[in-house]
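What follows is a set of notes on a single structure, which appears directly below.
The values are calculated or read from the model by the stated rules, or taken from the named source; none is laboratory data. Predicted model only: the values in this text are computed from it and were never measured. Using ideal geometry, Cβ is built from the backbone for each residue, glycine included, and neighbour counts are taken over all protein chains shown. Only protein heavy atoms, including side chains, enter the accessible area calculation; ligands, DNA and RNA are left aside. Shrake-Rupley method; radii C 1.70, N 1.55, O 1.52, S 1.80 Å.
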Amino acid sequence: MAAFAARTAQVPPTPAPSADRAAVGEALCTQRGCVACHTFGDRHTTARIPMAPELAHTRDRMHPDRVAAWIRDPQALSAEATMPG
């Protein structure tokens, strides 16, 4: 965990998306089934997988490039990942 933090410590927080982009992202989360496992703040609170992280804080704790890579192919970043690509 320390190695990961050291690699991302110099990355500034990603600015909040516009309302339009946030709406597109929320629709994609629903369409792609992300809400079956993940929660997002006060929306999508019925997730069934306890280990799936709460997504509302992802922007603050992960670099956008790492998030995109994780979404594309979680197993490429962690052999233990259970999330589908």
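Miscellaneous remarks
- The lone exception for Phe4 - which of (1) modelled with pLDDT of 85 or more; (2) aromatic (Phe, Trp, Tyr); (3) out of contact with any helix residue (DSSP H, G or I) (no Cβ under 8 Å at 6 or more places or on another chain) it fails: (1)
- Hits in segment 48-78 (condition: open to solvent by 100 Å² or more (accessible area, probe 1.4 Å) and either of a type in the set (Val, Ile, Thr) or in contact with a strand residue (DSSP E or B) (Cβ under 7 Å, 6 or more places away or on another chain) (or both)): none
- Taking residues in segment 68-85 that are under 13 Å from Ala52 (Cα atoms), and partners anywhere that are loosely packed, with under 11 Cβ neighbours inside 10 Å, not one pair has Cβ atoms closer than 6 Å while being at least 6 places apart or on different chains.
- The one condition from (1) open to solvent by less than 50 Å² (accessible area, probe 1.4 Å); (2) modelled with pLDDT of 85 or more; (3) not in a loop (DSSP other than H, G, I, E, B) that Ala81 does not meet is (3).
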